[in-house]
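The values are calculated or read from the model by the stated rules, or taken from the named source; none is laboratory data. The structure presented is a predicted model; accordingly, all values stated were derived computationally and were not measured. Heads up, the Cβs are rebuilt from the backbone with ideal geometry, glycines too, and the neighbour counts pull from every protein chain shown. These area figures cover heavy atoms from the full protein model, side chains too; ligands, DNA and RNA do not enter into them. Shrake-Rupley method; radii C 1.70, N 1.55, O 1.52, S 1.80 Å.
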Amino acid sequence: MAEEFASSSYAPAVIVQALAVDQPSVAQPILQHSPLLIDTDLVDIIAAGNSETQCAIARRFNLPKSVCAAIVEVGTAAAALELMANPRVELESFSYGRVVERHGHLSNIREKMLMLEDLPSATRLALVAKLSETLTQFVVGRKWLSADRARRMASETRARSTVHVAAHSRGEDMRGLVRHLRATGQLTAGLILRALLSGNLELFDHALVELSELPRSRVSALVYDRGGASLNAVLARAGLPESTFQAFRVALEARHEFGFAGTVDEAARLRRTLVERVLTRCETDEETAEPLLTLLRRFAAESAREEARAFDDEPAADEAAAAQAGHGLIAA
């Protein structure tokens, strides 16, 4: 009976209501397909039901946002996974965030969410943080690394991931990402300097706009003034340490000589020429703070490794291209 009435708009409403709260094997077809169940019915069933009934609702066609929010707030991890797998579901940004908060420690949830093309950048970064936290606890628990070293490596990984995610972000998505970084205490001078040394002007500009609370046009006019007299004022208003001002100034000066990232991939990693220019200038200044020099030296080592890795990948890419061209000639 449940299967017969599941897709019918003319089924007796009283019977459909009764079937919807029957045992899961009976209720599932009704919960997944019946057009007679309204939003409030579904929300009530989600609140009182078990994982099986929640999953059935999560698979519905054109699921309303209010029902999605109910699953996100009180549903099981299995129901959240079904919701992420439903191609017709559209969630609000805050709902994605709640899924991460409640279930982001589960690998299948993370994998499914990261496959979503319209996933907000702030949510992607929150998933990276969850994964980083899980791995840190694992390696420390196994005593493979000390707690301090594991936390430092996790922090550096998150910073690299942030710049990578930001390289693919634009407009409101970028603004949401920067607000998330500020709210979680990640919008630091080190991260902003990393963005600048990666040639990621979008993240650099939006970070200063967020922290200084000035219009972007005003920030751009002050920061990119070739005279450089107003840069310190913007950095100070943004609350960045004075000890970092010289590094930002040298990096911006080098921009005019080396240019900045021309592709998304380039904006996702440190540029060795920029890092070495800033490090050299700061090392010759006796007033440069040691923590800044330590950070720049880490940047230099990282950029050198990235450049070496990219160089090693080039022969393989050339061989693949040559092989493909050869196959094309044979086919012709």
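Find the helices (runs of 4 or more DSSP H) located wholly in segment 27-129 whose residues include 1 or more that are open to solvent by 60 Å² or more (accessible area, probe 1.4 Å) and without any contact (Cβ under 8 Å) to a residue 60 or more places away in the chain, and list them.
39-48, 51-58, 65-74, 93-103, 107-114
Residues in segment 175-212 that are hydrophobic (A, V, I, L, M, F, W, C) and not in a helix (DSSP H, G or I): how many?
Matching residues across segment 175-212 total 1.
L197 - would you say it is crowded, with 17+ Cβ neighbours inside 10 Å and either hydrophobic (A, V, I, L, M, F, W, C) or touching a residue at least 60 places away in the same chain (Cβ under 8 Å) (or both)?
Numbers: crowded, with 17+ Cβ neighbours inside 10 Å: yes; either hydrophobic (A, V, I, L, M, F, W, C) or touching a residue at least 60 places away in the same chain (Cβ under 8 Å) (or both): yes.
Against the criterion (crowded, with 17+ Cβ neighbours inside 10 Å and either hydrophobic (A, V, I, L, M, F, W, C) or touching a residue at least 60 places away in the same chain (Cβ under 8 Å) (or both)), L197 qualifies.
Out of everything in segment 161-194 that is closer than 22 Å to L116 by Cβ and basic (K, R), what residue ends up being surrounded by the most Cβ atoms within 10 Å (Cβ to Cβ)?
This residue is R175.
Restricting segment 130-160 to residues that are of a type outside the set (S, T, Y) and not in a helix (DSSP H, G or I), which is most open to solvent (accessible area, probe 1.4 Å)?
K143
I'd like the full set of residues that are over 30 Å from the mean Cα position of the chain (by Cα) and at pLDDT 90 or above, limited to segment 49-70.
Quick first cut of segment 49-70, residues over 30 Å from the mean Cα position of the chain (by Cα) only: 49-50, 52-53.
Hits for segment 49-70 are N50, E52, T53.
Against the definition (at pLDDT below 90 and either hydrophobic (A, V, I, L, M, F, W, C) or open to solvent by 60 Å² or more (accessible area, probe 1.4 Å) (or both)), how does R226 come out, yes or no?
Judged against the criteria, R226 is a match.
Taking interchain pairs and intrachain pairs at least six residues apart, which have beta carbon atoms under 7 angstrom, with the first residue in segment 229-255 and on the phi < 0 side of the Ramachandran plot and the second of a type in the set (F, W, Y) and open to solvent by less than 10 Å² (accessible area, probe 1.4 Å)?
L231/F248; L235/F248
Failed condition for E172, given (1) over 15 Å from the mean Cα position of the chain (by Cα); (2) in a helix (DSSP H, G or I), with all others met?
Result: E172 fails condition (1) only.
Which one of the conditions (1) surrounded by 18 or more Cβ atoms within 10 Å (Cβ to Cβ); (2) over 22 Å from E156 (Cα atoms); (3) over 27 Å from the mean Cα position of the chain (by Cα); (4) modelled with pLDDT of 90 or more does A233 fail to meet, given that it meets all the rest?
(1)
Collect the residues in segment 249-278 that are open to solvent by 80 Å² or more (accessible area, probe 1.4 Å) and either modelled with pLDDT under 80 or in contact with a strand residue (DSSP E or B) (Cβ under 7 Å, 6 or more places away or on another chain) (or both), keeping them in residue-number order.
Those that are open to solvent by 80 Å² or more (accessible area, probe 1.4 Å) and either modelled with pLDDT under 80 or in contact with a strand residue (DSSP E or B) (Cβ under 7 Å, 6 or more places away or on another chain) (or both): H256, E257, D265.
Quick one: what pairs do we get from segment 279-292, first residue surrounded by 12 or more Cβ atoms within 10 Å (Cβ to Cβ), second outside any helix (DSSP H, G or I), C-beta under 7 Å, 6+ apart or different chains?
Correct list of pairs: C282/T288.
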